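Data block below; observations after.
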Amino acid sequence: MSDVEENPIVVTAVEPGAETTVPAAVPSEGDSAEPEPSSELAADVATKFVVVYVSSVLFELPAPHPILTLREEQWPYRTLHFPVGLAEAQSVALAIEETRAARPSTHELFSDTLAATRQDIIAARIVRESRGVYFAELDLMGPRGRTLLDCRPTDAIILALRQKVPAPILIDETLLHD
């Protein structure tokens with residue numbers, strides 16, 4: 001028996017198209033009550049998230065970058081468009097098609113590592129935008145509890161899509177456009 005007591009955490013499945021409010025992570029024993037500066041991206045209790053899906057990833061010339069489009073699952077079907085790198089666009093497309101390369105990509109390797117260590121992706125969240133740069137977090141649940149990781153939106157989306165049961169992609173509704 002372990003001397004470390006784990007915090008009880010309730011995980012609620014999110015139906016496609018459902019709106020959800022995500023509570024901040026429960027601090028574990030030894031965590032300070034004050035949030036650390038690096039936890040700025042942790043979901044705020046008052047933040048309203050909506051479920052989105054990858055609508056398209058397009059590279060139209062003469063645009064310098066592919067554009068990733070996320071669309072809301074339910075009415076009013078708002079969207080978010082943002083530029084991504086070519087490699088990330090290809091990884092998103094392969095994840096949507098559930099195609100694996102002959103040798104694992106970095107995202108495939110990380111997804112396999114999460115599975116091997118019994119870490120489930122609860123959600124990929126796009127949490128804010130600052131000066132044209134979007135910030136995301138990956139919400140993980142494993143044998144030792146819940147963990148929030150800062151990441152790029154494309155990494156969160158690709159990893160969520162790479163799960164055996166794709167994790168929901170959530171976005172702060174204030175970021176969506178009509």
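Readers should treat all values here as calculations from the given coordinates under stated rules, not as data from a laboratory. All values reported here derive from a predicted model rather than from experimental measurement. Cβ placement follows ideal geometry from the backbone for every residue including glycine, while neighbour counts extend to all protein chains displayed.
For (1) more than 19 Å from E173 (Cβ to Cβ); (2) in contact with a Lys or Arg (Cβ under 7 Å, 6 or more places away or on another chain); (3) surrounded by 18 or more Cβ atoms within 10 Å (Cβ to Cβ), each residue gets a yes or a no:
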| site | (1), (2), (3) |
| --- | --- |
| A95 | yes, yes, yes |
| A102 | yes, no, no |
| H107 | yes, yes, yes |
| D120 | yes, no, no |
| A124 | no, no, yes |
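Within segment 56-93, the set of residues being among the acidic types (D, E), part of a loop (DSSP other than H, G, I, E, B) and surrounded by 13 or more Cβ atoms within 10 Å (Cβ to Cβ) comprises just one member, E73. The residues listed here are E129, E137; of these, the one that is surrounded by 14 or more Cβ atoms within 10 Å (Cβ to Cβ), of a type in the set (D, E) and within 17 Å of V51 (Cα to Cα) is E137.
Pairs meeting the criteria (first residue in segment 60-80 and farther than 17 Å from I157 by Cβ, second residue among the small types (G, A, S) and surrounded by fewer than 17 Cβ atoms within 10 Å (Cβ to Cβ), beta carbons under 6 Å, at least 6 apart or on different chains) are Q74/G17. If you go through segment 140-149 and pick out every residue that is within 22 Å of A46 (Cα to Cα) and surrounded by fewer than 17 Cβ atoms within 10 Å (Cβ to Cβ), you end up with 4. In summary, strands (runs of 3 or more DSSP E) completely within segment 101-178 and bearing 1 or more residues that are among the aliphatic types (A, V, I, L, M) and in contact with a Phe, Trp or Tyr (Cβ under 8 Å, 6 or more places away or on another chain) occur at 120-130, 169-172. Within segment 150-172, can one find any residue that is crowded, with 18+ Cβ neighbours inside 10 Å, more than 8 Å from the chain's Cα centre (by Cα) and acidic (D, E)? Checked segment 150-172: at least one residue is crowded, with 18+ Cβ neighbours inside 10 Å, more than 8 Å from the chain's Cα centre (by Cα) and acidic (D, E).
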